[in-house]
Amino acid sequence: MGSATSPDRYLPDTVRRSVKILVLGGFGVGKTTLIGSVSEIEPLSTEEVMTVAGAGVDDLTGVGRKTRTTVALDFGRITLRGRIVLYLYGAPGQQRFWELWEGLAEGALGILVLVDTRRLEDAFDVLDQVERLPRLPFAVAVNHFPDSRAYPAEELREALDLPPHVPIVDCVAPDRATSLAALTALTDHAMRVLSAREVVP
């Protein structure tokens, strides 16, 4: 499936920095869709048709119409404000693939964690795993599906036991504008954290 914008394999001359961003979350939460909606190049997707081999392994509660799943990673690229290029890496959400996350985290600036409020309990294990990755700043993006229930950000913060400094943003994964806003919020947060660490004696 093509990207939402005209593919452009060359970076603009204004780019001054490139960073790696991970897009993580539980099974079926919208990671592939988000990367595909914002990528300015043809996104790489390793989605495959789900088979009976996944029956009893992958919980399809809340994602009953899902027929494809990522088996390795998703990759895309987006330029922010003409100056920063984000290389986006999305990993499979199933627990059996979580060992991949640690390897992908190497060299990353930060993590965007996608959450589905219809299956909020799935986010607890994901966030626990994210917090084990080496000191990477993260933001939580609540991906709104047509039948999602909306919650106030502070109610979600309390439910997910998130520290006050972790941004919580809303997005709709197929919508480029809201997905881009979520990535921008994460990038700004991660760069503030990085700057603060650099000035600590």
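The values are calculated or read from the model by the stated rules, or taken from the named source; none is laboratory data. Because the structure is a prediction, the values reported are computed rather than measured. Positions of Cβ are backbone-derived with ideal geometry, glycine not excepted, and every protein chain shown enters the neighbour counts.
So the values come out like this:
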read-out	value
Failed condition for Gly82, given (1) in a loop (DSSP other than H, G, I, E, B); (2) closer than 27 Å to Pro134 by Cα; (3) modelled with pLDDT of 80 or more	(2)
Subset of segment 88-134 (residues that are in contact with a helix residue (DSSP H, G or I) (Cβ under 7 Å, 6 or more places away or on another chain) and assigned to a strand (DSSP E or B))	Leu88, Tyr89, Gly90, Leu109, Gly110, Ile111, Leu112, Val113, Leu114, Val115
Options Leu156, Leu186, Leu162: the member that is over 28 Å from Arg17 (Cβ atoms), modelled with pLDDT of 95 or more and not in a strand (DSSP E or B)	Leu156
Among the candidates Asp125, Asp161, residue that is more than 14 Å from the chain's Cα centre (by Cα) and within 18 Å of Phe27 (Cα to Cα)	Asp125
Matching option when the condition is modelled with pLDDT of 55 or more and not in a loop (DSSP other than H, G, I, E, B), among Val15, Val23	Val23
Members of segment 167-183 found to be assigned to a loop (DSSP other than H, G, I, E, B) and among the small types (Gly, Ala, Ser), listed by number	Ala173
Test: residue in segment 86-105 that is more than 13 Å from the chain's Cα centre (by Cα), surrounded by fewer than 20 Cβ atoms within 10 Å (Cβ to Cβ) and at pLDDT 95 or above	no
Selected residue [under 25 Å from Met191 (Cβ atoms), in contact with a Pro (Cβ under 7 Å, 6 or more places away or on another chain) and not hydrophobic (A, V, I, L, M, F, W, C)] from Gly103, Gly110	Gly110
Number of the condition not met by Leu194 [criteria: (1) in a helix (DSSP H, G or I); (2) surrounded by fewer than 17 Cβ atoms within 10 Å (Cβ to Cβ); (3) at pLDDT 95 or above]	(3)
Residue within segment 42-61 that is loosely packed, with under 12 Cβ neighbours inside 10 Å, at pLDDT 80 or above and of a type outside the set (A, V, I, L, M, F, W, C) present	no
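For (1) in contact (Cβ under 8 Å) with a residue 60 or more places away in the chain; (2) among the hydroxyl-bearing types (Ser, Thr, Tyr), each residue gets a yes or a no:
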site	(1), (2)
Ala108	yes, no
Val113	yes, no
Val172	no, no
Ala182	yes, no
Thr187	yes, yes
